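Here is the structure we will look at.
The values are calculated or read from the model by the stated rules, or taken from the named source; none is laboratory data. On a predicted model such as this, the values are computed, not experimentally measured, just so you know. With ideal geometry, Cβ positions are generated from the backbone for all residues, glycine too; neighbour counts draw on all protein chains shown. The protein model used for the area step is the full one, side chains on, heavy atoms only, and it has no ligands, DNA or RNA in it. Shrake-Rupley method; radii C 1.70, N 1.55, O 1.52, S 1.80 Å.
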Amino acid sequence: MHIFGSGPSSVGYVIVDHVVVLSNHSIGLTRVIDVSAGSALAIADDPAFQQTISSLPEGKLGLAYVNPTEIVNRVLSESGLGAVGTAPGLDQLRAIRGVGATLSAHPDGLAFDVAVRMDPSKLNPATRLQLDQPVHENGVLGFVPADAYAVATQQGLDETLKQTVDQLL
């Protein structure tokens, strides 16, 4: 393990099984070493991680994963928003249990997929109903030119906007 600098401006690396791991925290590097030695569990064995990425494509160029539970709790408690239980959108924020994103190559271009795992018990009934709607191909895709560089779609945008306006009023 090699650390350069000190304090918040430090950067380090470690080589584990022919892979270079970079981090700005030495504890992160130490934990990588612990996992490779078998003295700590790997994220790949975490059921929350597995559930979050299970719907994402298997062949991928890159993968990003975040379990935001602790981050959200800390931000809400430190900002004072945690005490304001009725602020719009906080129930959806507290319900997120995992976010995964992949970049994968296809014959006709690149695909960016995102999966969000939520705890339905932390959602209000209207949001649960919206998430229970059947998934279907977005009709807008039929109007996107074949030579488009990028396209992003979302199911149920009309209901999402309606709920947002209702919460703000």
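Values for this structure:
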{"item": "Hits in region 100-156 - residues which are surrounded by 14 or more Cβ atoms within 10 Å (Cβ to Cβ), in a helix (DSSP H, G or I) and among the hydroxyl-bearing types (S, T, Y)", "result": "T127"}
{"item": "Of all residues making up region 54-78, the number that are under 26 Å from P107 (Cβ atoms) and among the β-branched types (V, I, T)", "result": "0"}
{"item": "Residue that is least open to solvent (accessible area, probe 1.4 Å) [pool: residues in region 3-23 that are at pLDDT 85 or above and not hydrophobic (A, V, I, L, M, F, W, C)]", "result": "G12"}
{"item": "Residue satisfying all of: in region 1-50; in contact with a helix residue (DSSP H, G or I) (Cβ under 9 Å, 6 or more places away or on another chain) and of a type in the set (F, W, Y); farthest from M118 (Cα to Cα) among these", "result": "Y13"}
